[in-house]
Amino acid sequence: MKTAELTLENHKRWEGNQVFSFIERALLKLEPHLSHDDITEIDQKIALFKQQLSNNIEQIAFDYLELYSERSDALRVFNDTIMMALKYWLARSDSLIQRDMEKQSIGDFYNSHKMIGASCYIDLFAGNIMGMVSKIDYFKSLGITYLYILPPFKVPSGNSDGGFCISDYKSIRPDLGSMDEMEYFIDTCHKNGINVVLDFVLNHTADEHEWAKKAQLGIEEFENFYLFFDDENEVSEILQHVEATFPDKGENIIFNPKVNRWVWTTFNTNQWDLNYHNPNVLKGMLDNVLYLANIGVDVLRLDAVSLVWKEKGTNCKSLPQIQTLVRLFKNLTNLVSPALEFKSEAIVKPQEVIDYVSSDSATLSYRPLLSSTLWHALACGNVNLLATSLERWHQLPEQCTWINYIRSHDDIPWVFCDLDIQYTGSDAFATRKFLDEFYSDKHEESFARGLPFMRDSETNLARISGTTASLAGLEKAIEINSATDIHLSLQRILLLHSLALSVGGLPLIYLGDEVGVLNDYAFVSDLAKCQDSRWVNRTKKNWPKDTDNIHDISTPASIIFHNLKNMIEVRKNESIFSGSRLKVLNLGNASVLAFQRGSAGDAVIVLVNFSAFRVSINDRNLALNYLSGSATNLLNEQVMDLNNGIVLEPYQFLWLKSLEFSGVKNRI
C-alpha cells in the first residue's frame with residue numbers, strides 16, 4: 001500500500017519562512033518513527049497516519065507557531081504531541097474508524113432535520129451509567145439522536161460546580177460507574193442511532209487534578225500549567241481590565257495559601273485556570289481529547305471557550321488566540337478522529353459568538369441569543385427584538401450548526417446586542433431590568449417563577465435560573481389552581497419548543513422539560529448547592545410519577561410530552577427543516593413572529609403569536625409576503641384558506657406548507 005510520502009516536496013510554498021523551517025526540522029525528527037514497509041496492519045495504519053499528517057501539517061504548524069514560536073521547547077513539544085496522536089491512532093478501533101468514514105461521507109451531518117438533541121446529568125436522570133443504558137428506549141421514543149451528557153468525570157467532594165470542576169478526564173465519578181461502562185453506553189447509543197456528546201472543560205482543572213497536586217508540591221514543570229503570580233501589584237494591574245465572572249465570588253485572581261501565591265480562578269477558587277501559553281498544556285489537554293475520542297465520543301462541548309486565553313492589558317475575553325487554539329485542537333484531533341466535532345459554548349455578545357464557529361474548528365455552537373430573545377418576546381408579547389436578532393445574527397458559515405436551546409443546566413443570561421435593543425426603540429439597561437424582575441416574579445404582570453443568579457453589585461442586575469415550565473407560568477398557574485392559566489402556560493411551553501425545532505439548527509431539550517418539570521427548591525438545604533440558584537432547574541427525574549403522568553392525557557406532563565413528540569416527528573419528516581437558512585417575514589403585527597424555511601414553491605411558513613390575546617392577520621399582509629391560497633398546518637393536517645386571512649389564538653403557532661405560495665423563489 002503506497003501513500004504520499006511525508007516529505008518537504010509537499011510543502012514548497014512555505015520555503016524561506018519560519019513555518020517551512022519548523023516543518024523541516026519536525027519531519028527530520030518524526031520520520032524515523034513513521035517509517036514503514038507496507039506489510040503489516042500496523043504499517044498500513046502508520047501509512048494512513050502519514051497521509052493525514054501530510055494533509056494537515058501546514059495548518060497545524062502555522063497555528064502552533066502563532067501561539068508558541070517564542071518558546072525554546074516548541075519543536076520538542078510539537079513532536080511529542082504528534083507522536084502522542086500516532087499512539088492514539090494506532091489504538092483506535094476499526095469500528096470507530098469506519099464510523100468516522102461513514103459520518104464524513106454524509107456531510108453536514110448535524111444540520112439534518114432528523115437531528116434531535118437532549119441533555120441531562122446521569123445521576124439526576126437515571127442514577128448511574130447502566131441506568132442510562134436502560135433508558136435508551138425512552139430516548140428513542142422521543143426521537144432523540146444527539147445526547148449531551150453533563151460532566152460525568154471525577155470531581156472533588158463538596159462543591160464541584162455541577163461537575164465542571166474536573167479532577168481527572170480519564171476517570172468517571174465512582175457513584176456513576178466506570179469508564180468501561182461509559183464506553184459500553186456510548187457503543188449502545190451508536191447502535192441505536194444516538195450520537196453522544198460530553199463536556200470538555202478547556203479553561204481549568206480542579207485543584208485536586210494530578211497537575212495541580214504536583215504544582216502544589218512546587219514542581220516547576222506543573223506550576224507552569226497554571227497562572228500563578230507572586231506580585232500583588234501585577235495582579236492588581238491585570239484585574240483593572242478583567243471583569244469578575246461571578247460578582248458574588250469576588251475577583252478572578254485570588255490568593256491561595258496552598259501555593260502561597262495568587263492563582264487565576266475565573267469561576268471558583270478550587271478551579272484553577274490553565275496556562276495555554278505553555279504548549280505542554282495543549283499537549284496534556286489534547287491527550288484527554290484523544291482518549292475520549294477513542295471511547296467513541298462524537299462531539300465535545302468546549303465549556304467557557306471564550307475565556308481560555310489570557311493576555312495582560314486585555315479583558316481576557318474573546319481574544320483572537322482562542323480561534324487559533326481551537327483550530328489547532330481540531331486539526332490535531334483530525335489525525336486520529338476526523339469525524340469528532342467540537343461545540344463552542346461562548347456566552348458572549350451576538351457579534352462575538354460567530355467568531356467561535358468555523359468549518360475548520362468548532363462546527364457547532366450554542367445559541368444563547370435565541371434563548372434570551374425567546375424569553376424576552378414571551379415576557380413582553382412583542383417580537384421586534386427577536387425578529388431583529390434573527391435577521392442580523394442567524395447566518396452561519398457552511399457546514400456549521402446552531403444548537404437551539406430554550407434553557408440549559410445553567411442560568412439564562414441576557415446576552416442581547418444593545419444596538420438591536422436600541423433599534424427597536426427600547427433602552428438596553430431598562431430591558432434587562434424588566435426581564436430580571438419579570439422572571440424572578442417581581443413584576444405585577446409576571447406569570448413566571450424563577451430565581452436570580454449572580455446579581456451584580458454595581459448594576460443590581462442578575463441572570464435567571466428556572467425550568468422552562470416554571471418560567472413559562474405552569475408553576476404559578478398550578479399554585480393558584482387556575483385552569484385558564486394552566487392552559488396558557490402549556491401553550492407558552494409548546495410555543496418555545498416549536499421555535500427551537502423549526503427556526504434552523506439542532507434543537508436541544510434539557511430532559512425534564514419534555515414533561516414540564518417544575519423548579520425544585522430542595523437545593524437550599526444542601527450546603528454544597530445552596531449558594532447556587534442554578535440547582536433549582538437541575539431537577540431529579542421522578543420516573544414512576546412522570547411515567548404515570550405521560551399516560552394520563554389530562555395531565556400537563558402528558559400534554560407537553562405528546563405535543564412535543566408530534567412536533568419532533570413532523571420535523572423529522574420534513575427535509576425543509578435541515579440546515580439553518582431562514583427568511584424573517586413582516587406580517588404587520590408586533591406580536592407575531594413569521595419566518596420562511598425553504599424556497600421555490602417548497603416552503604414552510606412558521607407563524608407564532610407571542611401574546612395572550614387573539615390576533616388576526618388580514619389577507620393583504622399575507623399577500624404582501626407572497627402567502628395566498630390554501631395551506632396545510634403540518635402539526636395537525638388542518639387545511640387553511642389564506643385568502644381569508646388567519647386568526648391566531650393566544651400563544652398559537654402554525655407550521656404552514658403549501659405548493660401555492662407564490663414568489664418565494666430566491667427569497668432566502
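State the three equivalent ellipsoid semi-axes of segment 246-381, derived from the C-alpha gyration tensor as the square roots of 5 times its eigenvalues, in descending order and whole Å.
Values: eigenvalues 126, 123, 37 Å².
Rounded to whole Å, the semi-axes are 25, 25, 14.
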Between Lys258 and Ser575, what's the calculated FRET efficiency when r is the beta-carbon distance and R0 is 60 Å? Round to 0.05. 0.60
Quickly work out the Ser616-to-Gln59 label distance, labels modelled 7 Å from Cα along the C-beta direction, and quote it in nm with one decimal. 5.7
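Give the accessible surface of segment 550-668 per residue, rounded to a whole number of Å², with probe radius 1.4 Å and ligands, DNA and RNA excluded.
On a per-residue basis, 44 Å².
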Would you list, by chain and number, the lysines whose Cα falls below 17 Å from the Cα of Lys545, excluding same-chain residues fewer than 8 positions away? Lys135
Rounded to whole Hz and in sequence order, give me ³J(HN,Hα) for segment 410-419 from the Karplus expression 6.51 cos²θ - 1.76 cosθ + 1.60, θ = phi - 60°, writing x for Gly and Pro. 9, 7, 9, x, 9, 9, 7, 8, 4, 5
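With only alpha-carbon atoms in the gyration tensor, what are the semi-axes of the equivalent ellipsoid for segment 184-228, in Å, largest first?
On the way: eigenvalues 261, 22, 9 Å².
Gyration-tensor ellipsoid for segment 184-228: 36, 10, 7 Å.
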What the Cα atoms of segment 77-133 span along the principal axes, largest first and in whole Å, is 42, 30, 23
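Please tell me which of these pairs span more than 22 angstrom C-alpha to C-alpha: Lys541/Lys565; Lys140/Lys565; Lys87/Lys330; Lys213/Lys317? Present the calculation step by step, with values, prior to reporting the outcome.
Working: Lys541/Lys565 19 Å; Lys140/Lys565 11 Å; Lys87/Lys330 17 Å; Lys213/Lys317 27 Å.
The pairs that break the limit, which is 22 Å between Cα atoms, are Lys213/Lys317.
Which translational diffusion coefficient, to the nearest whole µm²/s, is obtained for segment 566-615 from the Stokes-Einstein equation, given a Kirkwood hydrodynamic radius over C-alpha pairs, 20 °C and 1.002 mPa s? Display every interim value, and only then the final one.
Values: Rh = 12.2 Å.
In µm²/s, the coefficient is 175.
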Starting from the coordinates of the alpha-carbon atoms of segment 476-611, obtain the Kirkwood hydrodynamic radius over all distinct pairs and give the value in Å to one decimal. 17.2
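DSSP loop (so not H, G, I, E, B), at most 14 other Cβ within 10 Å: list which GluC sites (Glu not before Pro) in segment 44-84 pass both filters. Write down the numbers at each step before the final one.
On the way: sites: Glu58, Glu66, Glu70; in loops: Glu70.
Filter output for segment 44-84: Glu70.
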Accessible surface, per residue, of segment 395-476 when the full set of protein chains is kept, probe 1.4 Å, Å²: 40
Once amide H atoms are placed 1.01 Å from N in the peptide plane, what residues at a sequence separation of 5 or more from Ser344, or on another chain, have their amide H within under 5 Å of its amide H? Leu302, Leu364, Ser365, Tyr366
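Show me the chymotrypsin sites (Phe, Trp or Tyr not before Pro) within segment 138-236 that DSSP assigns to loop and that have at most 12 other Cβ atoms within 10 Å of their Cβ. Working shown, then result.
Working: sites: Tyr138, Phe139, Tyr146, Tyr148, Phe153, Phe164, Tyr169, Tyr184, Phe185, Phe200, Trp211, Phe222, Phe225, Tyr226, Phe228, Phe229; in loops: Phe164, Phe225.
Answer in residue order: no site qualifies.
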Compute the accessible area per residue over segment 38-104, keeping the other protein chains in place, probe 1.4 Å, unit Å². 46
The long-range amide H neighbours of Ile509, using H built 1.01 Å from N in the peptide plane and a cut-off of under 5 Å, are Gly117, Ala118, Ser119
For segment 296-449, would you read off the P(r) tail past 26 Å as a percentage of all alpha carbon pairs? 34
All alpha-carbon distances of segment 270-333, grouped into 5 Å bins from 0, give the whole-percent distribution 4, 15, 26, 28, 16, 8, 2, 1, 0
Can you tell me the equivalent ellipsoid semi-axes for segment 430-553? Use √(5λ) from the Cα gyration tensor, largest first, whole Å. 24, 19, 16
May I ask for the angle, rounded to the nearest 10°, between helix 384-393 and the longest principal axis of the chain, with both axes built from Cα atoms and the value confined to 0 to 90°? 30
Can you grab the distance from the C-alpha centre of segment 564-605 to the C-alpha centre of segment 193-242, Å, no decimals? 44
Cβ neighbours within 10 Å, averaged per peptide: list 189-196, 237-244, 361-368 in order, most packed at the top. 361-368, 189-196, 237-244
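Can you pull a Stokes-Einstein diffusion coefficient for the chain at 37 °C (0.692 mPa s), Rh from Kirkwood over Cα pairs, as a whole number of µm²/s? Spell out each step's value before the answer.
Working: Rh = 26.5 Å.
Taking Rh from Cα pairs, D becomes 124 µm²/s.
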Viscosity 1.002 mPa s, temperature 20 °C: what is the translational diffusion coefficient of segment 35-180 from Stokes-Einstein with a Kirkwood Rh over Cα pairs, rounded to a whole number of µm²/s? 111
Pairwise centroid distance, computed over Cα atoms, of segment 116-137 with segment 498-540, Å: 15
Which values of log₁₀ I(q)/I(0), to two decimal places, follow from the Debye formula for segment 105-247 at q = 0.13, 0.17, 0.21 Å⁻¹ with a uniform point scatterer at every Cα? -0.74, -0.99, -1.26
Would you give the gap between the C-alpha center of segment 326-363 and the C-alpha center of segment 400-456, rounded to a whole Å? 27
Quick check: at a probe of 1.4 Å, how many percent of the accessible area of the chain sits on carbon and sulfur atoms? 48
If I model a spin label as a point 7 Å beyond the Cα along the Cα-Cβ vector, how far apart are those points for Asp168 and Asp552 in nm? 4.5
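The values are calculated or read from the model by the stated rules, or taken from the named source; none is laboratory data. Please read all numbers here as calculations on a predicted model, not as lab measurements. Don't worry about glycine lacking a Cβ; one is built from the backbone with ideal geometry, like all the others, and counts go over all protein chains shown. These accessible areas exclude ligands, DNA and RNA; they are computed on the full protein's heavy atoms, side chains included. Shrake-Rupley method; radii C 1.70, N 1.55, O 1.52, S 1.80 Å.
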